[in-house]
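Below is one structure; the comments refer to it alone.
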Amino acid sequence: MPEQLSVFELIVNASLLVQLVMALLALASLVSWVMIFQRWVFLRRASIEVEDFEAHFWSGIDLRQFYGELEGEDATLNGIERIFVSGFREFTRLTDQSGADADAVMQGVQRAMRIALNREEARLETHLPFLATVGSTSPYVGLFGTVWGIMNSFRSLANMSQATLASVAPGISEALVATAMGLFAAIPAVIGYNRFSARVESLMKGYEAFADELTTILHRAAHATPAQSE
């Protein structure tokens, strides 16, 4: 009974180009798994932080006191806290100016929070383009290695007086390993990208909803200030 070749032997006996393709796919898969784990931890923590922040925010705490607790802690603030601080900081700065127009104040607040939202979206989407690239290109990279390996196997037939399946099968098998590795790298990357994109979209909707609610609160405060001063 002929001895079966192991996957390791197929990789070792593959041509140099096919081995380079396999090494590239293995590296892409490894980096993808690191990024998948990092994004999973980061986005899970972000979801918990949103829940904790909103529970504290709607507990009836004075917003100026809350802002005072967060001010100056920019390096340690989470996403939704940065949005709140950006908006309230601009509100405080503009309302402290004498003769500040309420509409101009709110335009400044909305602009500050919009910038903060864009920064948070970019932070949440970190590594997602890489996962998308790995998921979309890895099968083609693996297919390239497979085509090259099969081409070399058929070229070797020209030097044989009698071609048999046993003489061609190892070359084809090692070539197909490249396709398998391409799928192994692509499938987790695609699943991770789709899952994390949905989570980012959900978080951004929560951020935007909070920004709208804060805008409403500050809008009432900005328009009430002149009346109170009179």
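The values are calculated or read from the model by the stated rules, or taken from the named source; none is laboratory data. Quick caveat: nothing in here was measured; it's all calculated off a predicted structure.
Looking for whichever is closer than 25 Å to residue 42 by Cα and either acidic (Asp, Glu) or modelled with pLDDT under 90 (or both) here; the options are 201, 174, 230. Which one fits?
201
For region 105-149, give me the residue count where each residue is farther than 30 Å from residue 218 by Cα and of a type in the set (Asp, Glu).
The number of residues fulfilling the criteria is 0.
Based on what the data block shows, is residue 47 among the small types (Gly, Ala, Ser) and either part of a loop (DSSP other than H, G, I, E, B) or within 18 Å of residue 203 (Cα to Cα) (or both)?
Working: among the small types (Gly, Ala, Ser): yes; either part of a loop (DSSP other than H, G, I, E, B) or within 18 Å of residue 203 (Cα to Cα) (or both): yes.
Judged against the criteria, residue 47 is a match.
Which residues, counting only those in region 56-86, are within 30 Å of the chain's Cα centre (by Cα), part of a loop (DSSP other than H, G, I, E, B) and not aromatic (Phe, Trp, Tyr)?
71, 72, 73, 77, 78
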